[in-house]
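What follows is a set of notes on a single structure, which appears directly below.
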Amino acid sequence: MDRPGMVWMGQNTTHLEPPPEVVDALIESTRSREFQLYAPALGFEELRGLIAEDLGLVGFEVMVTDGAVGGLHHICTALAPSITRLVTSDPGWPWPARFLALTGVPTSTIEIYSPDCHYKLQARQMEEVIEEGSLIYLIDPLNPLGSAYEREELEAIVDLARRTGSLLVHDCTYRHFAAGHTLAAELYPEGTFTTYSFSKWLGLAGLRLGAVVARPDLLDRLSRVPSNPLGANIQAQRAAIAGLKAKGEWLERVLDVNAGNQRIVAAAIAASEVGEIVVEPSHGNFLAVDVSAAGWDAEAVCEALLDEEVFIRPGTYQSPAFGRRFVKISTSVPTEWAERFAAAWSKLTPRAGRP
Ligand SMILES: Cc1ncc(COP(=O)(O)O)c(C=O)c1O
């Protein structure tokens, strides 16, 4: 951030010119000094309604949170006394397991970096570790690989959850980038928490706004004691309302730019002798690229690109087991950034000692 020339392709954040309606809403909220107020504990009614509508979930309640991660933290904290185990994946997103570790709840981490399981959690793998009363953490589309769950895969997982009296967190942070997406909440309404983010599709990462959506009786387990009873950032909520109202045109543009950038990145990788895209097509605003066959270590690749002022992430942040093998490149960025990435990547050559 303090390096203005840096190409920022490591956090799956969106760096395009925002919708003018969003900027206007922020300015208007600031001018009218709304920041001197607290927002309602569960968020503005209008925003809660728009989020439920965006997901197409009828009869569900919405709790607006401080980013999706604020919601995940609250789910973990509020449910910890009543769950037996967390079931999650490697690669995955490490925070829920870390939150639950503080409370002594054990985690089973299933390794999914393999075509055998299509680079995502399968019910048959979960069956081996799940206990009665577990919490399943399912990221869909999956950061960092870009795999997304088919309806039948979700049905098998939901069936397992029902049989074992387990709850499901369906982390839908990247849902808007997916080509076709099924909500587990439709299949397992009585046991699913859906988490929602404004950081990625709308590009509001720094404003810290997200939501947890669940059936009223389930959400009540969280909303009885909200993690932030004084309400999430009021300006962020105004921006999110404006963003949801302007969503159609905006999202079309973001998806278009994202797809174009993924083509640029893929072409650069294909033209070089370094790297293979792990999951194609990616359903996220990022691509995971395995660099191990060219003899590279993921962290060394990131350092080499950093020398060219291009920031991408090594897999190690999200995968203790496989993270040295792959890097992650975020693609909802200006096209010139993707081109800068391509130029930097083209300087990589295979390393001695390749397998
Ligand atoms: C899988 C996953 N869940 C949650 C989050 C957090 O999103 P937010 O910025 O809304 O807190 C991220 C952010 O990278 C993520 O990748």
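The values are calculated or read from the model by the stated rules, or taken from the named source; none is laboratory data. None of the values given here were measured: they were computed from a predicted structure. A quick note on method: Cβ atoms are made from the backbone with ideal geometry, for glycine too, and the neighbour counts reach across all protein chains shown. For accessibility, only protein heavy atoms count, side chains too; no ligands or nucleic acids. Shrake-Rupley method; radii C 1.70, N 1.55, O 1.52, S 1.80 Å.
Can you name the residue in the range 69-89 that is near the ligand (Cβ under 8 Å from one of its atoms) and open to solvent by 10 Å² or more (accessible area, probe 1.4 Å) and, of all such residues, is nearest to TYR119 (Cα to Cα)?
The qualifying residue nearest to TYR119 (Cα to Cα) is VAL69.
Quick test of your reading of the structure: VAL254 fulfils all but one of (1) within 24 Å of TRP337 (Cβ to Cβ); (2) surrounded by fewer than 20 Cβ atoms within 10 Å (Cβ to Cβ). Name the failing condition by number.
So VAL254 meets the others, but not (2).
Are any residues in the range 298-350 outside any helix (DSSP H, G or I), without any contact (Cβ under 8 Å) to a residue 40 or more places away in the chain and out of contact with any Pro (no Cβ under 8 Å at 6 or more places or on another chain), and if so, which ones?
Once the filter is applied, which keeps residues that are outside any helix (DSSP H, G or I), without any contact (Cβ under 8 Å) to a residue 40 or more places away in the chain and out of contact with any Pro (no Cβ under 8 Å at 6 or more places or on another chain), the range 298-350 yields ASP307, GLU308, PRO314.
Of all residues being assigned to a loop (DSSP other than H, G, I, E, B) and within 17 Å of the chain's Cα centre (by Cα) in the range 274-293, which is surrounded by the most Cβ atoms within 10 Å (Cβ to Cβ)? Just the residue, please.
My answer is GLY284.
If a residue has to be among the aliphatic types (A, V, I, L, M) and open to solvent by 40 Å² or more (accessible area, probe 1.4 Å) to count, how many in the range 43-68 make the cut?
We begin by selecting, within the range 43-68, every residue among the aliphatic types (A, V, I, L, M); these are 47, 50-52, 55, 57-58, 62-64, 68.
Within this subset, residues satisfying the condition of being open to solvent by 40 Å² or more (accessible area, probe 1.4 Å) are 58.
Here the count works out to 1.
Residues that are on the phi > 0 side of the Ramachandran plot: find the helices (runs of 4 or more DSSP H) completely inside the range 1-82 holding 1 or more of those.
Once the helices (runs of 4 or more DSSP H) in the range 1-82 are filtered for at least 1 residues that are on the phi > 0 side of the Ramachandran plot, what remains is 67-79.
Does GLU28 satisfy the criteria of being open to solvent by 90 Å² or more (accessible area, probe 1.4 Å) and among the acidic types (Asp, Glu)?
It is true that GLU28 is open to solvent by 90 Å² or more (accessible area, probe 1.4 Å) and among the acidic types (Asp, Glu).
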